[in-house]
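Asker: Got a structure for you, questions after.
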Amino acid sequence: MPENVEEKKGKKGEDAGPVIMNGMFVFPNGDKYEGEYMQQDGSIIRTGQGRHVTTDGSVYEGEWSEDKMSGQGMLTHHSGAKYTGEFVNNQFQGRGVYTWPNGSSYEGDFVENKLEGTGNFTDTDQQIWTGQFRYKAAPGLHFQLRLE
């Protein structure tokens, strides 16, 4: 059970479902969470908007559902890599942008944390390659000319 550093109770209507609260918690491993949550069986369940910071410096800020990153969010890894987009059950799923620490990026579709479908890859020289991506393979990419 995380240590409750600060807690503010949410509003509860007459026939409302679970009460959504807002607070900050420090977990036994040192991770910190600040945002909306529910309590269930003595545990907190992250739900709604929140920010989770791990002890290694990785940060997720966005939507939570049933204690998992789900919905729109941004995950910044301690290495400098960053993903902004849709999450489902703690995975990149749907549309998003992944940026590597060297500045190259992929914008497009993700399925279970993998580049999958139509997207654009921008390399370190800011050249854009477009096409179909299948995890680590991208057969038939097309170079996109930029007119300046």
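Where a number appears in this text, it was derived from the coordinates with a stated rule and is not lab data. The structure displayed is predicted, hence computed values, not measured ones. Don't worry about glycine lacking a Cβ; one is built from the backbone with ideal geometry, like all the others, and counts go over all protein chains shown.
Asker: State which residue pairs qualify: first residue assigned to a strand (DSSP E or B) and inside segment 76-99, second residue basic (K, R) in any location, beta carbons under 6 Å apart, and separation of 6 or more residues or different chains.
Answerer: Listed pairs, sorted by first residue: T76/K82; G85/R95; E86/R95; T99/K82.
Asker: Out of all the residues in segment 108-141, which are on the phi > 0 side of the Ramachandran plot and polar (S, T, N, Q)?
Answerer: Listed by number, the residues that qualify are N113, Q126.
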